[in-house]
Amino acid sequence: MAKADADLELSNMKCVKLERREKQKEDKVAKLKKVSEELKAKYLVLETEKASVKFKLEQTQVDTLQMLGETFEQAIRQAHLLYKGSPSEGTFNINKDIFEGRLVPFDELVVLQNLAPKTTAEDVEDEDH
């Protein structure tokens, strides 16, 4: 009977040891699940930030292309007004633009445009007829 009691005690100790290991594994799994959820949340934040940066980049590209187009149109207007022939004969200035047939510095242009009456597409169409 002493042997049976010793075997029973040994079996109980093994069970306790196995239960501890099982608990440790469960704790590790719980920690890993928590880390996984945190990583998923961080991933979503990064994806949102990535989409925002992508949108801003695309908008910057559109704005840049628009600005380049406007600058090109400005240069064409100046060339038309000043050169009517050879570009080497005039004083081309990228910091000026045409306003009412005159070459005007940008800072003055802003003031003049704000003072000028606003013209709509309908106004222009009425002048053509």
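Okay, here's what the table says:
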read-out	value
Virtual spin-label span in nm between Glu73 and Val104, 7 Å along Cα→Cβ	1.6
The stretch 97-110 - phi-based ³J(HN,Hα) in whole Hz, Karplus 6.51/-1.76/1.60, Gly and Pro as x	8, 8, 9, 6, x, 10, 8, 10, x, 4, 5, 6, 4, 4
Ranked Ile76, Ile98, criterion: other C-beta atoms within 10 Å, fewest first	Ile76, Ile98
Sites matching chymotrypsin sites (Phe, Trp or Tyr not before Pro) across the stretch 1-100 that sit in DSSP coil, with at most 15 neighbouring C-beta atoms within 10 Å	Tyr83, Phe92
The stretch 1-95: trypsin sites (Lys or Arg not before Pro) in DSSP loop, at most 12 other beta carbons within 10 Å	Lys84
Added length on full extension, which subtracts the Cα-Cα distance from 0.36 nm per residue, Asn12 to Lys31	4.0 nm
Extension gain, Leu46 back to Leu115 (0.36 nm per residue minus Cα-Cα distance, nm)	20.1 nm
Debye, to nearest 20: dipole size of the stretch 2-116, +1 on Lys, Arg Cβ, -1 on Asp, Glu Cβ	920
Karplus (6.51, -1.76, 1.60) ³J(HN,Hα), θ = phi - 60°, over the stretch 55-60, in Hz, Gly and Pro reported as x	4, 4, 5, 4, 5, 4
Normalised convex hull volume, the stretch 2-116, alpha-carbon set, Å³ per residue	163
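Taken together, the values in this text are just the output of simple stated rules run on the coordinates, not laboratory data. This is a predicted model, so every value here is computed, not measured. Note that we place each Cβ from the backbone using ideal geometry, even for glycine, and neighbour counts take in every protein chain shown.
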